Every structure is written in structure tokens, then in C-alpha cells.
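Read-outs throughout are calculated quantities, based only on the coordinates presented, and are distinct from any laboratory measurement. Given the structure is predicted, the values throughout are model-derived calculations rather than measurements. Glycine gets a Cβ as well: all are built from the backbone with ideal geometry, and neighbour counts include every protein chain shown.
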Amino acid sequence: MIYNLFVYHPAWNFNLGPGTMILVTGSATASPESFAEMRRISLEHVHRSRGEPGCLEHGVYIDAENPLRLHFFERWADAEALKAHFLVPESRAFARRLRELAADPGGMAVYEAAKTRV
């Protein structure tokens, strides 16, 4: 499922099976003028989010091919933890500010994943 960057709607239904986790990927591109502020608020957001219940991993990374693009990668224990994260007032404020600063607000995708052996 692909959703607008960091905009949560309570009607989203993740329909997860047992033993699964949630993966979230996203990206946003800054302008040269907005990059430093986007990076700062993104780091603040991921550091705060790592302390939330059910957060297994939360990071922001600079694209090696486009140094103005930030990529986000998150792992959540379950859909309820992710839904709670989307409702945290600071998460909502971060999403609004990121969209304001971004030259291209990009997007976000949410995946259901299960660990497997190969």
C-alpha cells in the first residue's frame, strides 16, 4: 500500500497475519535551502520514535545518488504500534513540517513482512 507521506487515516486496515511485522519506507526531497532543516527535524523525529512501544527500528538516510533526498526505513512489531505512532502529536507535526519544507514530498509505503529462512 502506498500512502501520502506520513498522513494516517484511521480507516486504513493492515490485515496482518500472526508472526508478521510492519515495514515502512518513505522518502522526501529537499531544496538546497531546506535540506538542513529537513535533516534536523527528521533526526529529531527518528530519535523520538525509537522510544515508542513496538518500534523495532526507525532511521533516516541520505540518498547516495541525490544528496537532497532523505529515505526513511521503519520496522514495527505490529499494526497497532504503527497506528499509535501515526497518532502521536509530534509525529503529526513532523509530517506537516516535512511536507512544508519538501521540494518533493515523495511518499510512503507500508508492508506486511514475516521473517523467513532461505
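So the values come out like this:
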| read-out | value |
| --- | --- |
| Pair Glu33, Arg75: separation of 7 Å Cα→Cβ label points (nm) | 4.0 |
| Difference of contour (0.36 nm per residue) and Cα-Cα distance, Asp104 to Arg50 | 16.9 nm |
| Whole-Hz ³J(HN,Hα) from phi, Karplus 6.51 cos²θ - 1.76 cosθ + 1.60, for segment 95-111, glycine and proline x | 4, 4, 5, 4, 4, 5, 7, 6, 6, 9, x, x, x, 9, 10, 10, 10 |
| Ala103 long-range amide H proximity, modeled H, under 5 Å | Thr29, Ala30, Ser31 |
| FRET efficiency, 1/(1 + (r/R0)^6) with R0 25 Å, evaluated for Leu43 and Lys83 via beta carbons | 0.60 |
| Per-residue HN-Hα couplings for segment 67-81 [Karplus 6.51, -1.76, 1.60; θ = phi - 60°; Hz; x = Gly/Pro] | x, 9, 9, 9, 10, 10, 9, 9, 10, 10, 4, 6, 5, 5, 5 |
